[in-house]
Structure formats: structure tokens, C-alpha cells
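Participant: One structure coming up, written as C-alpha cells, with questions to follow.
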Amino acid sequence: MKKITAVVPVRKGSVRVKNKNIKSFANSTLLDIKINCLKQIDLIDEIIVSSDCDKMLDIATNHGVKTHKRDEYFASSKANNSEFFKNLAESIECDYIMYSPVTCPLISKETYFDCVNRFQNDDVHNLVTVAPVKHHLWLNGLPLNYDIKNSPNSQDLPDIYQITYGICIISRKDMITYGNVVNESPTFKVLDEIESVDIDTEFDFMIAEKIYKELYHA
């Protein structure tokens, strides 16, 4: 069995939604909800909360999970994604990392179990959650995924996927090598519209909270 460590990255300097990780969300917080969800997945060997915020690390300790105090630079917007991912993997001793951000609170326990089980297959070296993008896209003044003179219905557009980052499982070694939670040959787990919700803005926060309350009667 591949030993998997769930890493929950949170920081105090969230830009677009102030304090979103510990802001009141459905009578709880995004951090509390994520930890409680992961603790129910017995296929996970350990859970580590990585943060530059002592308050968030205290929450993790109160839940009985491990903590990692992140360097200020790697918790800031000065560090790009690749620097952040590489440093995170270098800072944690484990075999495989399941990147588990709190900003995707609508991923079900069933999906976590499915992802971990699929990752145990010998031919799966990187499992990444994605969502289909069925929109008419333009890039640099040109249509990207369709012919404007023969425009298809949106459901018939090519299969383009966006990475949701809700669940990304990868070896620690590859995460350091690529500076990413996605390598060159990922296995995709396609999520529906609800599970693929990712909170970046106040609007996302509001919508996610409303859906969460409906689903879990919170």
C-alpha cells in the first residue's frame, strides 16, 4: 500500500476573501470542515496542516493532527505556485502527498475514498481532480476551441479540463521534481459542478456555503 499523507495548506494572508480559512462557514470554518472530513478517510496515513498562522496551527492541534509551520515567504504572494509546491514537499517527510486545500469544501467522503483507492493501482502515479470546461473560449483574439463559422453547441465542444486542485495525489519526489502537484502523466478524476467548486472570491464563498448548508443541513 502507498502511504499517503494529506497536507492541508492554509495561510493568514488570503487576499480576495479575508481570513477565508477560519471565517465562519456553515456554523463552522473551512479548516475545521476539511480536517473533520479527512479524519474520516481511514485510508489516509496522516494529516498535516501547513500554515504560517499560529491560530490555524492551534486549530489543527486541537483536532489531533500534525502541523508544519510554513516560512513567511512561502505563505506570501511573492512565492509563485512552483516555489510553494516544491518547498511544501521538501518540508514534509512522507512517501506520497495528497494536496487537500480547504477551499474545496464540497468534495464528498466517497470521492476521497475513490481517489485514494484508484491511486493504489500500480499504473497510477498522479491523481488529479478536474472539471470539464464546456464554453466557447478565446485566446489572444482568436477562438481557442471552436470554429466561429461552424460553432458547435456547448455540450459538443472538445473535452477541455480545468484542474480543480481539490484532490491531487503525487509522490513527494515528483512534487519536488516538478514543483507541482501535477506531473506529466496525470490520471484525471472528473468532478461534477458541485464537487468542483473552489473558493477564490466572496461570491464563491457565498455560493459554496449555501450549497454546503443544503447538502449537510448545517
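The values are calculated or read from the model by the stated rules, or taken from the named source; none is laboratory data. These numbers come from a predicted model, not from an experiment. Methodologically, a virtual Cβ is constructed for each residue, glycine included, from the backbone with ideal geometry; neighbour enumeration extends over all protein chains shown. We work out accessible area using only protein heavy atoms, side chains counted, and drop any ligands, DNA or RNA first. Shrake-Rupley method; radii C 1.70, N 1.55, O 1.52, S 1.80 Å.
Participant: If you fit an axis through the alpha-carbon atoms of helix 30-39 and take the longest principal axis of the Cα set of the chain, what angle between them do you get, 0 to 90°, nearest 10?
Facilitator: Compared with the principal axis, the helix lies near 80 degrees.
Participant: For the chain, with every protein chain kept in place, what is the accessible area per residue (1.4 Å probe, Å²)?
Facilitator: On the way: 11590 Å² over 218 residues.
About 53 Å² of surface per residue is accessible.
Participant: Only helical DSSP H runs with n ≥ 4 go in: add -39500 (n - 2.57) per run for the chain, normalise by residue count and round the 222 nm mean residue ellipticity to 500 deg cm²/dmol. Mind showing how you got there, number by number?
Facilitator: Numbers: 6 runs with 63 residues, N = 218.
One gets -8500 deg cm²/dmol as the mean residue ellipticity at 222 nm.
Participant: Right, another one. How large a share of the accessible area of region 26-153, in percent, is made up of carbon and sulfur atoms when the probe is 1.4 Å and the other protein chains stay in place? Working shown, then result.
Facilitator: Working: 2950 of 6500 Å².
Taking all protein chains in place, region 26-153 shows 45 percent carbon and sulfur surface.
Participant: What aspartates and glutamates could a cross-link reach from Lys189, if we take a straight Cα to Cα line under 15 Å and drop same-chain neighbours fewer than 8 places away?
Facilitator: The qualifying aspartates and glutamates are Glu110, Asp114, Asp123, Asp159.
Participant: Pick out, from Ile199, Asn180, Thr111, the residue whose Cα sits farthest towards the positive end of the charge dipole of the chain, with +1 on the Cβ of Lys and Arg and -1 on the Cβ of Asp and Glu.
Facilitator: With unit charges placed on the Cβ atoms, the residue in question is Ile199.
Participant: With charges only on Cβ, +1 for K and R and -1 for D and E, what is the dipole size of the chain about its Cα centre, in debye, rounded to 20?
Facilitator: Working: 25 positive and 31 negative charges, 119 e Å.
I would put it at about 580 debye.
Participant: Can I ask one more? When the dipole is taken about the Cα centre of region 119-218, and only Lys, Arg (+1) and Asp, Glu (-1) are charged at their Cβ, what size is it in debye, to the nearest 20? Each step should come with its number before you reach the end.
Facilitator: Numbers: 7 positive and 16 negative charges, 27 e Å.
Dipole size: approximately 120 debye.
Participant: Further question on the same structure: Given [x] 19.9, 59; [y] 18.8, 62; [z] 17.9, 60, which label gives Rg and Dmax of the Cα atoms in Å as computed from the coordinates?
Facilitator: Read-out from the structure maps to [z].
Participant: How much of the DSSP beta bridge set in the chain is antiparallel, as a percent to the nearest 5? The partial results should precede the final answer.
Facilitator: Working: 14 of 31 bridges.
That works out to approximately 45 percent antiparallel.
Participant: Taking the 0 to 90 degree range and rounding to the nearest ten, how far is the long axis of helix 202-216 tilted relative to the main principal axis of the chain, both from C-alpha atoms?
Facilitator: Roughly 80 degrees, rounded to the nearest 10.
Participant: Identify, among Ser151, Leu57, Met1, the residue whose Cα sits farthest towards the positive end of the charge dipole of the chain, taking +1 on the Cβ of Lys and Arg and -1 on the Cβ of Asp and Glu, with the dipole about the Cα centre.
Facilitator: Among Ser151, Leu57, Met1, the one farthest towards the positive end of the dipole of the chain is Leu57.
Participant: Then there is this: By per-residue mean of other Cβ atoms within 10 Å, what is the highest-first order of 147-154, 195-202, 70-77? Write out the running numbers ahead of the final one.
Facilitator: Working: 147-154: 8.9, 195-202: 17.8, 70-77: 14.9.
Final packing ranking: 195-202, 70-77, 147-154.
Participant: To continue, here is another question. State the number of lysine pairs found in region 41-130 whose Cα atoms come within less than 17 Å, restricting to pairs 8 or more positions apart or on distinct chains. Mind showing how you got there, number by number?
Facilitator: Working: Lys55/Lys66; Lys55/Lys69; Lys69/Lys86; Lys78/Lys86.
Number of lysine pairs found: 4.
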